[in-house]
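The values are calculated or read from the model by the stated rules, or taken from the named source; none is laboratory data. Because the structure is predicted, anything quoted here is derived from the model rather than measured. Backbone-built Cβ (ideal geometry, glycine too); neighbour counts: all protein chains shown. Areas reflect the complete protein model, heavy atoms only, side chains present, ligands, DNA and RNA absent. Shrake-Rupley method; radii C 1.70, N 1.55, O 1.52, S 1.80 Å.
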Amino acid sequence: MSDNNKTSTPNGYLIVIEGIDGTGKSTQATMIAEALRENKHEVIQSFEPTNGPWGKKLRDSATTGRLSIQDELSYFVNDRREHVEQVIEPTMARGGIVVLDRYYFSTMAYQGARGIDTTTIRKENESFAPKPDLLIVLDLDVDTALQRIGVRDGEANEFEKRESLNFCRELFLSLRQQDGAHIIDANTSIKEVQEKLMALVQKELSV
Ligand code: ADP
Ligand code: MG
């Protein structure tokens, strides 16, 4: 489909959207998927953590108490292995487009913020997870992002501490150099962000 396809699965196309919560990933992933479907592509829109058993354990931990860092990391990796095997690889093998709302860069960011070496996280993931063809980071300052998801000044749950969110934001920004990520300023309207994203997607996919 594309000359610059870098993945080990040559036919499909993997678009990944990253960024801290509240930057608009889910909103934009849906819009991109819909626009690409109109162009008659097979498009699978998905997200991590998934709704599979490991993803469920991770979601439950948000209310039942945060897992140990090692358990948390291995649950994310287990969840991703299933996701790659069951959804990402098969779709790409058919020549389809996968649009992902979060991927292993989020594990580097959030579990990195808990103290795990980000290079170690990257290596483990890249041993089984295909690299994206197009990596998009939606960037927004932490306070604005928290406001969008309804967190008021002075309150933030375990997953949303400002300090660790700043670490995550910086990690995502660093992907520009390391992974050729496209950094999009998310501090504009939904429509403006969408226009920028679609221009990028159209340029990269030649659709
Ligand atoms: P994420 O998936 O990154 O957490 P969402 O897409 O769920 O972000 O958006 C979080 C909230 O912010 C939603 O209420 C959404 O409608 C709103 N939102 C998304 N993008 C923008 C934007 N560009 N400007 C203002 N509000 C936005
Ligand atoms: Mg979301």
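Table for the structure above
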{"item": "Reciprocal of mean inverse Cα separation for the stretch 161-207 (Kirkwood radius, Å)", "result": "12.3 Å"}
{"item": "FRET efficiency, Asn51 to Ser206 (Cβ-Cβ, R0 41 Å, nearest 0.05)", "result": "0.80"}
{"item": "Descending semi-axes in Å of the chain, equivalent ellipsoid built from Cα gyration tensor", "result": "26, 21, 15"}
{"item": "Listed peptides 82-95, 33-46 by packing density, highest first (mean Cβ within 10 Å)", "result": "82-95, 33-46"}
{"item": "Isotropically averaged projected area of the stretch 48-152, using the convex hull of Cα atoms (one quarter of hull area), nm²", "result": "7.6 nm²"}
{"item": "Accessible surface, per residue, of the chain when the full set of protein chains is kept, probe 1.4 Å, Å²", "result": "48 Å²"}
{"item": "Greater than 32 Å apart at Cα, pairs in Lys40/Lys131; Lys56/Lys123; Lys25/Lys56; Lys161/Lys191; Lys131/Lys191; Lys56/Lys203", "result": "Lys56/Lys203"}
{"item": "Inter-label distance for Arg66 and Asn166, nm, one decimal - labels placed 7 Å from Cα along Cα-to-Cβ", "result": "1.7 nm"}
{"item": "Carbon + sulfur, % of accessible area of the stretch 51-124 - ligands and nucleic acids excluded, 1.4 Å", "result": "50 percent"}
